[in-house]
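One structure is given here, and the rest of the page talks about it.
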Amino acid sequence: MDLTLEIWRQKNASDPGRFLTYQATNIIPDMSFLEMLDVVNEQLIGRGEEPIAFDSDCREGICGTCSLVINGIPHGGQKGTTACQLHLRHFKDGDTITIEPWRAKAFPVVKDLIVDRTAFDRLIQAGGYISVNTGNAVDANATPIEKEKADMAFAAAACIGCGACVAACKNSSAMLFLSAKVAHLALLPQGVPERKDRVLNMVAQMDKEGFGSCTFTEACEAVCPKEISVANISRLNKEYITAGLIEEK
Ligand code: SF4
Ligand code: FES
């Protein structure tokens, strides 16, 4: 396959950035999207040019590091698929493909296609954890959990923290990410002791980081590679209102 790539190049956060055109030639359709970028980078390095900076780690759809907006859609628009698991057989020979970083105030561009997602780390630090005593791990079956709740918690815990939900949202809202974290811990007995503080502190931190409000367009769910449901946002709202009422007393 021969492809034309319109790739966002930006030296740093203060550089205005621009699209540059690259040719990717003799690309094997079974290559992943990131392998194709590796090939382009090898050619750039061979010519003494600056390689394209992009994020990746596991390349197996489990770490949430890859973060490309491909043809205007975070992760490229294949249902339940991260950019690293997207294969070129989904494109046609001769296609022109645009590649951009996540666009959100809370995710400033570091370089080219890499953005700073430490705002998500600070959201987790604000409450996305449970406090446990150190020592031997308790047997997994020692605490009975209803099957329905365990399944819902497991589905929410599948969030890999990639940030595609923020990139897809016209408000740059982090509600799907936050709701996945709050819901999965609120559904389990281990998450109950810190339930109230967790949701209040995490929502306060979300606002502080500059993420926008949720207007329920569901664009987040549509692009989420782990198919996290917006039903978690309803659960988050319920948790928040309940915690606020308890706070008032
Ligand atoms: S909710 Fe989905 S899109 Fe958002 S960070 Fe988690 S895995 Fe990524
Ligand atoms: S590189 Fe780990 S999910 Fe894509």
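For CYS66, indicate whether it is in contact with a Lys or Arg (Cβ under 9 Å, 6 or more places away or on another chain) and within 13 Å of ligand 1 (Cβ to nearest atom). So CYS66 passes the test. Restricting region 194-214 to residues that are more than 21 Å from the chain's Cα centre (by Cα) and surrounded by 16 or more Cβ atoms within 10 Å (Cβ to Cβ) leaves a set whose member that is nearest to PRO74 (Cα to Cα) is LEU200. Among the residues of region 161-212, those that are more than 16 Å from ligand 1 (Cβ to nearest atom), touching a residue at least 12 places away in the same chain (Cβ under 8 Å) and charged (D, E, K, R) comprise GLU194, ARG195, LYS196, ASP197, ARG198. In the set THR217, THR242, only one residue is assigned to a loop (DSSP other than H, G, I, E, B) and either under 30 Å from GLN78 (Cβ atoms) or of a type in the set (Val, Ile, Thr) (or both); that residue is THR217.
Restricting attention to region 108-152, the residues that are closer than 30 Å to LEU34 by Cβ, acidic (Asp, Glu) and either in a loop (DSSP other than H, G, I, E, B) or over 18 Å from the mean Cα position of the chain (by Cα) (or both) total 2. The residues of region 65-97 that are surrounded by fewer than 16 Cβ atoms within 10 Å (Cβ to Cβ) and either on the phi > 0 side of the Ramachandran plot or part of a strand (DSSP E or B) (or both), listed by number, are ASN71, GLY72, GLY77, GLY80, GLY94, THR96. Close Cβ contacts (under 8 Å, 6 or more residues apart or on different chains) running from residues in region 128-147 that are over 24 Å from GLY161 (Cβ atoms) to residues that are not in a loop (DSSP other than H, G, I, E, B) comprise THR143/PRO189; THR143/GLN190. Considering the conditions (1) part of a loop (DSSP other than H, G, I, E, B); (2) surrounded by 17 or more Cβ atoms within 10 Å (Cβ to Cβ); (3) of a type in the set (A, V, I, L, M), ALA155 is excluded by exactly one of them, (1).
Would you confirm whether or not region 112-122 contains a residue that is within 16 Å of ligand 2 (Cβ to nearest atom), over 22 Å from ARG9 (Cα atoms) and of a type outside the set (D, E, K, R)? Scanning region 112-122, I find at least one residue that is within 16 Å of ligand 2 (Cβ to nearest atom), over 22 Å from ARG9 (Cα atoms) and of a type outside the set (D, E, K, R), so the answer is yes.
Bear in mind that the values in this text are calculations on the coordinates, not laboratory data. The structure displayed is predicted, hence computed values, not measured ones. Don't worry about glycine lacking a Cβ; one is built from the backbone with ideal geometry, like all the others, and counts go over all protein chains shown.
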